[in-house]
Amino acid sequence: MTSLRNIITASVVAGIFALHPSLNKGDNPITDLQHYVYGNSLNISTNNTINRNLLEIKWLCETNDTPCSDLIIYSKGFQINEIPSVKGNQKLIVSYKNKIIGEIPQSKTSKNQSHDYNINFSADKNTLFFKGEIIGPSPHQGAPVTIASL
């Protein structure tokens with residue numbers, strides 16, 4: 001009974017270490033396991049002056065390896081598609097009131113890597129503030145964008 005408990009404990013501890021974000025690198029079975037468990041997440045934070053129904057996020061892919069097309073990720077207040085997991089150059093185009101507010105570029109070196117895509121919006125009177133970042137093995141830290149008129 002003790003050896004079974006030790007095996008289960010060792011398996012749980014090994015599983016926790018295998019899912020640690022620091023191992024989400026390269027193209028290996030651990031990266032695939034983490035992508036299966038975590039996937040890509042889209043986090044949008046706004047203040048109460050932003051109408052989420054007027055926000056749209058589109059994914060564009062710029063690679064020759066796979067067929068890519070424009071894909072709407074977020075529209076009318078809801079995430080309608082997952083961010084695809086493909087290798088190569090890609091970007092998220094963020095629009096508000098049908099105007100492009102900013103882009104978040106990314107160059108992924110491996111297909112199945114988990115990333116957090118964070119988009120922050122706020123508005124004050126007629127000024128919109130935007131910041132986008134990607135956290136993960138292929139990160140992007142974008143400079144804040146301020147747009148004077150909405």
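The values are calculated or read from the model by the stated rules, or taken from the named source; none is laboratory data. Source: prediction; values computed, not measured.
Could you please find all residues in the stretch 104-150 being more than 11 Å from the chain's Cα centre (by Cα), among the charged types (D, E, K, R) and either at pLDDT 90 or above or not in a strand (DSSP E or B) (or both)?
K111, K125, K131
From (1) of a type in the set (V, I, T); (2) modelled with pLDDT of 90 or more; (3) in a loop (DSSP other than H, G, I, E, B), pick out the condition that doesn't hold for V86.
Single failed check for V86: (2).
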